[in-house]
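Step one of this worksheet: look at the structure below.
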Amino acid sequence: MSTWQRARRHPPSSLLPLIARTSAQRPTKEQWATDRTGLYRPWGLGDAAWLSLAHGNEHRQRAATEGDRWEILAQHAALDDPLRHLPVGERPG
């Protein structure tokens, strides 16, 4: 299941507070960069929030839990950018 579908499983009113709380707990780079899992990077939190707002549905019945938030962020962290494997001089723009 894609990150997009995983984030849509829950109403934004239950997922966004979890994302906001996580973001507030790690407000500086020094705090989120020490996490070895790479789950709590600001771009992962921002992407999950955007997906929930843009594509979420308040009529979903299952409220998001801490475990759901973790799974969404883990899926985002597992994404790979094939362009980063290219040598620096061959990367576009």
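The set of residues in the range 26-54 being modelled with pLDDT under 90 and either touching a strand residue (DSSP E or B) at 6+ places or on another chain (Cβ under 8 Å) or among the hydroxyl-bearing types (Ser, Thr, Tyr) (or both) consists of Thr28, Thr34, Thr37, Tyr40.
In the range 1-25, the qualifying residues are those that are touching a helix residue (DSSP H, G or I) at 6+ places or on another chain (Cβ under 6 Å) and small (Gly, Ala, Ser), and the one that is modelled with the lowest pLDDT is Ala7.
Looking only at residues that are more than 13 Å from the chain's Cα centre (by Cα) and part of a helix (DSSP H, G or I) in the range 1-16, which one is surrounded by the most Cβ atoms within 10 Å (Cβ to Cβ)?
Pass one, the range 1-16, residues more than 13 Å from the chain's Cα centre (by Cα): 1, 9-14.
If we keep only those that are part of a helix (DSSP H, G or I) as well, we get 12-14.
Numbers: Pro12: 21, Ser13: 13, Ser14: 18.
Filtering first and then ranking leaves Pro12.
Scanning the range 17-35 for residues that are among the basic types (Lys, Arg), under 18 Å from Ala74 (Cα atoms) and exposed (fewer than 12 other Cβ atoms within 10 Å of the Cβ) turns up just one, Arg21.
A Cβ distance below 6 Å, combined with a sequence gap of six or more or placement on separate chains, defines the contacts here; from the range 46-66, residues that are more than 9 Å from His10 (Cβ to Cβ) reach residues that are at pLDDT 95 or above and in a loop (DSSP other than H, G, I, E, B) in the pairs Glu58/Pro11.
Looking at the range 36-76 only, could you name the residues that are crowded, with 16+ Cβ neighbours inside 10 Å, of a type in the set (A, V, I, L, M) and in a helix (DSSP H, G or I)?
We begin by selecting, within the range 36-76, every residue crowded, with 16+ Cβ neighbours inside 10 Å; these are 39-41, 44-45, 47-49, 51-52, 56, 60, 64, 68-69, 71-73, 75-76.
Now narrow it down to the ones that are of a type in the set (A, V, I, L, M): 39, 45, 48-49, 51, 64, 72-73.
Of everything in the range 36-76, those that are crowded, with 16+ Cβ neighbours inside 10 Å, of a type in the set (A, V, I, L, M) and in a helix (DSSP H, G or I) turn out to be Leu45, Ala48, Ala49, Leu51, Ile72, Leu73.
The values are calculated or read from the model by the stated rules, or taken from the named source; none is laboratory data. Please read all numbers here as calculations on a predicted model, not as lab measurements. Don't worry about glycine lacking a Cβ; one is built from the backbone with ideal geometry, like all the others, and counts go over all protein chains shown.
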